[in-house]
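Take a look at the structure below.
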Amino acid sequence: MYKIIFVDPDNSAIDTICNIFDWKEMGIEPIGMFNNAIDAVDFLKTNSVDAVLTEVNISDFSGIDLAKYVNKNLKNTIVAFMSKYPS
């Protein structure tokens, strides 16, 4: 089973994403939900994940910064971005 974490400062967005899909049916196990990228990085330092789904616009340490950290330190982990901002 693939392991994934979610990063978004909006708790309701994380709750929606976690509940809208049957993750286990897709072979994915959500193992962490974080309101900021710094806490996510702390988690990633000691835990292995296959994927990170993150909001792009996070204050202080953005989703882009998180992706850079993952790319540099966790070569086998993918990052996907989401955003609530209209284009």
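See the values below:
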| quantity | calculated |
| --- | --- |
| Reachable lysines from K24, criterion Cα separation under 17 angstrom, eight or more residues apart if same chain | K3 |
| Cα-based Rg / Dmax (Å) for the chain | 12.2, 36 |
| Rough spin-label spacing in nm, given labels placed 7 Å along Cα→Cβ, for N76 and N11 | 3.5 nm |
| Average Cα contact separation per residue, the chain, under 8 Å, 6 or more apart, as relative contact order % | 32 percent |
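Since every read-out is calculated from the coordinates, none of them should be taken as a lab result. Predicted model only: the values in this text are computed from it and were never measured. Positions of Cβ are backbone-derived with ideal geometry, glycine not excepted, and every protein chain shown enters the neighbour counts.
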